[in-house]
1. Could you order A:E315, A:E177 so the one with the most accessible surface comes first? Probe is 1.4 Å.
2. Quick check: the distance between the Cα centres of region A:85-99 and region A:253-305, to the nearest angstrom?
3. To the nearest 10 square angstrom, what accessible area does B:D159 show with a 1.4 Å probe?
4. Would you look at the GNM of chain B, springs on alpha carbons closer than 10 Å, and say which of B:D158, B:D129, B:D41 moves the most?
5. Between B:S23 and A:A260, how many nm apart are label points set 7 Å from Cα along the C-beta direction?
6. Output ³J(HN,Hα) for region B:269-285: one whole-Hz value per residue in order, computed from phi by the Karplus curve 6.51 cos²θ - 1.76 cosθ + 1.60 with θ = phi - 60°, and x for Gly and Pro.
7. If R₀ is 30 angstrom, what is the calculated FRET efficiency for the pair A:D218 and B:L320, using the beta carbon separation as r and rounding to 0.05?
8. Normalised by the residues of chain A, what does the relative contact order come to in percent, with Cα pairs under 8 Å and at least six apart?
Protein chains: 2
Amino acid sequence: MVGIAEVARAAGVSTATVSRALSGRGQVSDAARAKVQAAVDALGYVMSASASSLASGRTRNIGVLVPLLDKWFYATVLSGIADVLSRHGYDIALYNLTDDPAQRAGVFDTSLRRSRIDGLITLTVELSDPERDGILALGMPVVAVGAPNHGIPALTVDDRAVAHAATSHLIALGHREIAHIGSGRAGGEVPARRREGYEQALHQAGIAPRAELFAHADFTIEAGHAAALELLRRTDRPTALFAASDEMAFGALFAARELALDVPGDVSVVGVDGHGMSGFFGLTTVDQFPQAQGERAAHAVLAALGLEAPAGAPELPFELVLRTSTAPPA
Amino acid sequence: MVGIAEVARAAGVSTATVSRALSGRGQVSDAARAKVQAAVDALGYVMSASASSLASGRTRNIGVLVPLLDKWFYATVLSGIADVLSRHGYDIALYNLTDDPAQRAGVFDTSLRRSRIDGLITLTVELSDPERDGILALGMPVVAVGAPNHGIPALTVDDRAVAHAATSHLIALGHREIAHIGSGRAGGEVPARRREGYEQALHQAGIAPRAELFAHADFTIEAGHAAALELLRRTDRPTALFAASDEMAFGALFAARELALDVPGDVSVVGVDGHGMSGFFGLTTVDQFPQAQGERAAHAVLAALGLEAPAGAPELPFELVLRTSTAPPA
DNA sequence: TTGAAAGCGCTAACAA
DNA sequence: TTGTTAGCGCTTTCAA
């Protein structure tokens, strides 16, 4: 393996100059820089990450904490993060959190504390208080996307406004019996806010939210399906369904089909996310541009590390996308 | 940050003994081991990854090369990998390959060569020859899942057999006009083999494959949709469709619905993958257990690193799952 | 702008 | 079984 000493020799300079030329820190003459670059290219030199990290304290590596890697939303945000970081020469350390306490402990107590990363991005994870404290104690920039775990700076969409937009759309179409599939406080901040936005929109339209029109689901397509079946089988069937995620909305669409209900003839459905398949389902949804959220998060850590100018507000955009799953009630 | 010296002092032993006690290499008395562990717990010591790597040459980090992070299949395999590695105290370095030559060059020429990882897993990526050579030159264990890039040991399902199973199922139902959505040589090894398996099954049934019944698609739902539209609009419409991936099959199902064709009444559809949503679509598919593929790949690198006993054959299982999208032709 | 040299925190001979 | 110590390959003072 060719090291910095060999490069220095080939370039006719000291190792210190090679280091400075390659890192961009400190002054190096153009002549020296050129010689170093030539030697690097000729020898195919690549700096050892561990040696550099040990000496400098910088790792050029960002940790990403993800729950449920195989869910479209997280995978898409991750893809946005990877794009930006890769373009800046940063590597990604991926930490997939499961429900297994031992596995989580390993991540929080060991992996994250090995000094392997310069910063951390957490994707909508509900953290326990000790977990959150552990993260803050890492002493490195942390950016949360989605969930505002108290104390961790978060990039969030205004989930109340998202739900409000979806619900208002249904109200504007003339619906009064609007059910909601999601979760309350138990599911964490995000679902809770979406439910609030839903209820707020109803209130503003002079409609009292009815407990029977709320169905709990854990954001999977299966749970959305089950919840929708229950709601749509009621004798006083709602004319519209607002699901707190597109995958749950997909489940609802399948449920409607099973019950031989026409969408949007018999029931309108709205989701949240902008899932890649929502177009095919004709699903009206509130797109929250997850790929862009990942990109924003990556830029935010880079900014916190002083590598980029800080970006603007932490508020993320969203947009109601109208498709064929919503229409006025029959 | 508490270091090994502080632990040694607290435990009343030398740093060498601490190192041995924690790494499990070399002989350490039970008494010493206990004292070290107590000191570690008391001080909350976690070893510095860079210092340890620099001195030992081991990183406790495995690289994973992924194309298209936001596709269900890759995300699911990745999830399986993460599960196993995390359980073994290994971290993951995630490298997302894009089509951008500069980005790819950065990954192959720099990121992978920084001595940041002990081993590498590549997920069905079509690598250029120099890229593949670069990987082999890394001098570390490499495991490919899916694509048998020449020279890299691969865990693969028998893609010919997979396609053969899907096609034979349609033939057994009585279909003769069976179209295929996938790609030929151009798309890489995997699609090519699936097409071979498809044609082989036809031949064995005495059916001559017809060029008009092959439609190219790039494994996205959009492309599957477009390909199916084209096939299903033919006057001599095929009675069955074999799509080389579930997502393309989903596209085909949407296409059938748009054309007011009944599935399976007017046309049968089979996919490949065992996608999480295939059950909801009622899609008959050949499940290839992607999560388990990831787990197998992780075990394979660990075995190559001498941390586990080598597992069995590199052949991965698959299974035809019958659902409601296939039936005898009308 | 450059170079010499002292670490960064750990591991692994080697000697005891 | 343990301790001493020389690196591992860089970065960063400090002095020139």
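1. A:E315, A:E177
2. Result: 24 Å between the Cα centres.
3. 10 Å²
4. Greatest mean-square fluctuation among the candidates belongs to B:D41.
5. 7.1 nm
6. Running phi through 6.51 cos²θ - 1.76 cosθ + 1.60 with θ = phi - 60° gives 9, 10, x, 9, 1, x, 4, x, 9, 4, x, 5, 7, x, 7, 6, 8 Hz.
7. Details: r = 30 Å, r/R0 = 1.01.
That pair, A:D218 with B:L320, gives E of 0.50.
8. Details: 617 pairs, mean separation 52.1, N = 330.
Computed over chain A, the figure is 16 percent.
The values are calculated or read from the model by the stated rules, or taken from the named source; none is laboratory data. This one's a predicted model, so the numbers in the text were calculated from it and none came from an experiment. Note that we place each Cβ from the backbone using ideal geometry, even for glycine, and neighbour counts take in every protein chain shown. These area figures cover heavy atoms from the full protein model, side chains too; ligands, DNA and RNA do not enter into them. Shrake-Rupley method; radii C 1.70, N 1.55, O 1.52, S 1.80 Å.
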